[in-house]
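See structure below.
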Amino acid sequence: MNGKIVVITGGNDGIGFATAKELALQGANLILVCRNEQKAQLAMQRLHTETGTNNATYVLADLLSFASVRQAAAQIIACTAAIDVLINNAGATFSRFELGEDGYEKTITTNHLSHFLLTGLLLPHIQRSTYARVINVASHSHFGFGVSMDIESFTRNKGYFIMRAYAQSKLANVMFTLDLAQKLQNTHVTVNALHPGTIKTDIGTKSAMSSFHAWAWSVWSGVVGLSIEQGAKTGIYLTSSPDVAGISGRYYSCTGKLNRIWDKPKAVAYSKLADDADMRAKLWQTSEKACGIVFPNG
């Protein structure tokens, strides 16, 4: 990874930071996309202290704002000749149905739409790299909680349930991965998704969460959760391993039943819902319209 330029959303904390740290040790040049400037600066200090790297910087972006995402993308493009790897890692959960400033429910906005937009804006720069990898952090939650791809729920409360909303956003991550990989199949750009495992992170205990949901997440992740470093394993593998060079449109995991971690990540089955070509097309069209972007041709 020496000299490779890697962009990581949510790279200042949790799995994102653990991924950034390991890639810094491998010699990568890092751009962390962060929401909070103070936390971003602390992450820079930690990276320097724990890895000795000076090859890391950050840009600010609020993933609840498409305008903010566009501004961050412009900054990244301005300071790079090409991007070798984009890791769409940041994620959030919300206890209540709320619309963001662009008129879309906050979970789908943060976890899917803003990453869709960022990827589209950065794709020409990614295509300039001979390495060219896009990695989407999804989740096995896209299998459960009565999930479906309900486009109407992006803008209308149809009986909001926190885990179903999160699962739908993760299904969107997988669908986006499959479609983008297909659109870029005749290029050198690879696109893969991953399940990091159930991790002991604070995604379920942040300020957008009710006290009950925060407590439930803490108990559950505390019982079965992997360490953050274990959770970063698959993303690091997809970013740096020659084993996956040229492989695209796959869904990877490093855990089996009961969250048991394997020695090496491998491609696994994703939900059959993601193979619904008509629904994937509808999601893609909705995402382009919502974000005001048309992806460049492969």
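Laid out as a table, the results:
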| quantity | calculated |
| --- | --- |
| All positions within the range 66-93 that are closer than 30 Å to residue 164 by Cβ and free of Cβ contacts under 8 Å to residues at least 40 places away in the same chain | 67, 68 |
| Residue check for residue 227: at pLDDT below 95, farther than 26 Å from residue 106 by Cβ and of a type in the set (Ser, Thr, Tyr) | yes |
| Leading residue by the ranking (modelled with the lowest pLDDT) among those in the range 272-298 that are under 17 Å from residue 122 (Cβ atoms) and of a type outside the set (S, T, N, Q) | 298 |
| Conditions (1) in a helix (DSSP H, G or I); (2) within 14 Å of the chain's Cα centre (by Cα): number failed by residue 165 | (2) |
| Any hit, the range 22-41, residues being closer than 25 Å to residue 192 by Cβ, crowded, with 21+ Cβ neighbours inside 10 Å, of a type in the set (D, E, K, R) and in contact (Cβ under 8 Å) with a residue 60 or more places away in the chain | no |
| Residue check for residue 150: at pLDDT below 95, in contact with a helix residue (DSSP H, G or I) (Cβ under 8 Å, 6 or more places away or on another chain) and of a type in the set (Asp, Glu) | no |
| Single residue of the range 95-120 satisfying the filter (farther than 14 Å from residue 65 by Cα and modelled with pLDDT of 95 or more) that is surrounded by the fewest Cβ atoms within 10 Å (Cβ to Cβ) | 96 |
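The values are calculated or read from the model by the stated rules, or taken from the named source; none is laboratory data. Please read all numbers here as calculations on a predicted model, not as lab measurements. Using ideal geometry, Cβ is built from the backbone for each residue, glycine included, and neighbour counts are taken over all protein chains shown.
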